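Please see the structure below; I have some questions.
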Amino acid sequence: MAHTLDKLDRKILHYISQNARTPFLEIARECNVSGAAIHQRVQKLVNQGVIRNSEFVIDQYKVGYQTCAYIGIVLKNNIEFQAVVDHIKEIPEIVECHYTTGKYAMFIKMYAKDNRHLLRLILDKISTIPGVANTETFQLSLEEIFRRQLSTFGVDEEK
């Protein structure tokens, strides 16, 4: 469900989507309101589920995960979807899981230490999940060029 965002909400989302660690007082100065107003608005956005969390982004390559793969998963039966999702959540190398249309019920993004580790993950962990019919690895990412939050909340954007 889309939430109605006013101009101040959009400005706040713009600034925190650029850097979640931006101090509220700095955002308040940019928005010409008090720090308390920013704090209240951010809390409202959190309570509404517009802002789900804030996090540090770890560079996976620097911590030894050199392979990034995108994999499509075909289910034996769509009724097993939630059970498969529950199993996938238990595999820490899987960082994204999407319910998709088309041939694949799910599309995942995962990291592995190297290609051999990726093979072991696919064969030993993903393919053995009850309900998984088969998998197809689409691409290996050679390098992440950029990652960002959706930032269509431009400071000049109107409702």
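Return the pair list, or none, for Cβ contacts closer than 9 Å from residues in segment 62-83 that are over 21 Å from residue 120 (Cα atoms) to residues that are in a strand (DSSP E or B), at least 6 apart or on different chains.
76/132; 76/133; 77/133; 80/132; 81/75; 81/99; 81/106
Right, residue 95: out of contact with any Cys (no Cβ under 6 Å at 6 or more places or on another chain), in a strand (DSSP E or B) and within 24 Å of residue 138 (Cα to Cα) or not?
Here the answer is yes, as residue 95 does meet what is asked.
Moving to a separate point now. Return the total of residues in segment 98-112 being surrounded by fewer than 15 Cβ atoms within 10 Å (Cβ to Cβ) and in a loop (DSSP other than H, G, I, E, B).
Total meeting the criteria: 4.
What pairs come up if the first residue lies in segment 84-97 and is in the same structural domain as residue 73 (by TED's automatic domain parsing) and surrounded by 18 or more Cβ atoms within 10 Å (Cβ to Cβ), the second is in a loop (DSSP other than H, G, I, E, B) and not hydrophobic (A, V, I, L, M, F, W, C), and their beta carbons are under 6 Å apart, counting only those six or more places apart or on different chains?
Hits for this filter: 84/131.
Taking segment 51-85 as the region of interest, how many residues are within 15 Å of the chain's Cα centre (by Cα), over 24 Å from residue 115 (Cα atoms) and of a type outside the set (A, V, I, L, M, F, W, C)?
Selection size over segment 51-85: 4.
The values are calculated or read from the model by the stated rules, or taken from the named source; none is laboratory data. If you're wondering where the values come from, they're calculated on a predicted model, not measured in any experiment. In this analysis, Cβ positions are derived from the backbone assuming ideal geometry, glycine residues included, and neighbour counts consider all displayed protein chains.
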